[in-house]
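Inspection log for the structure reproduced underneath, given as structure tokens.
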Amino acid sequence: MSGVKERVSISIEPEALKTVRAEVEAGKAPSLSAAIEQALLRHNKTQALREALALSDAMHGPITEEAREWGRKEMERAFKEMSSSTPES
């Protein structure tokens with residue numbers, strides 16, 4: 001990103017605003033603007049991933065249940081490995 005910010009005015013549903021404010025209060029973002037910017041960037045990454053997966057499915061077919069199960073087990077193993085190597089505070 002360029003670092004140059006553009007000021008805009010938006011309308012947002014109260015429930016969505018409540019969620020964003022909670023993120024700021026929890027320290028997940030320094031401001032409402034930053035929290036909304038982070039949400040937009042996450043949305044863009046999620047959309048790009050969905051498009052990549054759809055392209056993969058179109059080129060190679062859908063992921064088999066066997067491959068999904070293998071992936072689940074590998075993620076569990078990796079998380080356990082990560083948490084056992086993380087120093088206690």
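Selection of the range 51-89 for residues being surrounded by 10 or more Cβ atoms within 10 Å (Cβ to Cβ) and either assigned to a loop (DSSP other than H, G, I, E, B) or in contact with a His (Cβ under 6 Å, 6 or more places away or on another chain) (or both) yields Pro62, Ile63.
Got at least one residue in the range 28-50 being under 25 Å from Gly3 (Cβ atoms), surrounded by 10 or more Cβ atoms within 10 Å (Cβ to Cβ) and over 18 Å from the mean Cα position of the chain (by Cα)? Scanning the range 28-50 turns up at least one residue that is under 25 Å from Gly3 (Cβ atoms), surrounded by 10 or more Cβ atoms within 10 Å (Cβ to Cβ) and over 18 Å from the mean Cα position of the chain (by Cα).
Taken together, the values in this text are just the output of simple stated rules run on the coordinates, not laboratory data. As the structure is a computational prediction, the values presented were derived from the model and not from experiment. In this analysis, Cβ positions are derived from the backbone assuming ideal geometry, glycine residues included, and neighbour counts consider all displayed protein chains.
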